[in-house]
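Undergrad: Pasting a structure below so you can have a look.
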Amino acid sequence: MLEALTGTGLATAAGLNAYIPLLTVGLLSRFTNVITLPDSWRWLENPWVLGIIAVLLVIELIADKVPVVDHINDVVQTAVRPTAGGLTFGASSSSETVTVDDPAAFFADHSWVPILVGVVLALLVHAAKAAVRPVVNSTTMGLGAPVVSTLEDGVSLSMSVVAILLPLLVLAFLIGLAALFWWLWRRRAQRRAAQSVT
């Protein structure tokens, strides 16, 4: 069960920022004993792969903080974030971590299931993020974009680390993230209702 929570946390984090969970998994596997990737996923800890992911992360960090550019980035990331979610869920569900010592027991016969679940989770989070971000930009005249983007990056990094080290806390992260998206969505609906009255 902890494999599912780890994968869920990483896929959700990928929905906010595709590269943070990939880089976290790759770096922790390469340089620590916190996570041990199986042979089929060892490419994630390859120095070239880590370097490419790091460059893409820097581009994402910059692009996501600039109003209008963040919208273009969200369009591009519609394919990237779900893919990253599938990869991180797939890799983590078959890896040994500090909390999981027999990963093959959970998804032994259907190894494609965690990848599909990761794609769906990351896509849902990405869709919520992409829907909320224009509201933030319009209500703050673009000044909120860097603040919200930085918060999203912090949540993505925190959730990635927590998913690997303390997967039970992923549930608390998910509840908090869902509450935040609901509150922002409700605020958007109230704003639209107020505009239609005036």
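The values are calculated or read from the model by the stated rules, or taken from the named source; none is laboratory data. Keep in mind it's a predicted model, so treat the numbers as computed, not measured. Positions of Cβ are backbone-derived with ideal geometry, glycine not excepted, and every protein chain shown enters the neighbour counts.
Undergrad: So which residues in segment 147-164 are surrounded by fewer than 16 Cβ atoms within 10 Å (Cβ to Cβ) and either over 14 Å from the mean Cα position of the chain (by Cα) or aliphatic (A, V, I, L, M) (or both)?
TA: Val147, Leu151 - these are the residues of segment 147-164 that are surrounded by fewer than 16 Cβ atoms within 10 Å (Cβ to Cβ) and either over 14 Å from the mean Cα position of the chain (by Cα) or aliphatic (A, V, I, L, M) (or both).
Undergrad: May I ask you to list pairs of residues, at least six apart or on different chains, whose Cβ atoms are under 6 Å apart, with the first in segment 15-40 being more than 17 Å from Asp64 (Cβ to Cβ) and the second being of a type in the set (Gly, Ala, Ser) and modelled with pLDDT of 90 or more?
TA: Listed by first residue and then by second, the contacts come to Thr24/Ser160; Ile35/Ser29; Leu37/Ser29.
Undergrad: Right, something else. Of all residues being surrounded by 18 or more Cβ atoms within 10 Å (Cβ to Cβ) and farther than 21 Å from Ser138 by Cβ in segment 51-76, which is modelled with the lowest pLDDT? Just the residue, please.
TA: Glu60
Undergrad: Looking for something at pLDDT 85 or above and closer than 18 Å to Gly118 by Cα - is there at least one such residue anywhere in segment 170-177?
TA: Yes, some residue in segment 170-177 is at pLDDT 85 or above and closer than 18 Å to Gly118 by Cα.
Undergrad: Within segment 77-103, which residues are crowded, with 23+ Cβ neighbours inside 10 Å, among the hydroxyl-bearing types (Ser, Thr, Tyr) and modelled with pLDDT of 85 or more?
TA: The answer is Thr88, and nothing else.
Undergrad: Among the residues that make up segment 158-165, is at least one of them closer than 14 Å to Thr6 by Cα, in a loop (DSSP other than H, G, I, E, B) and at pLDDT below 90?
TA: Scanning segment 158-165 turns up no residue that is closer than 14 Å to Thr6 by Cα, in a loop (DSSP other than H, G, I, E, B) and at pLDDT below 90.
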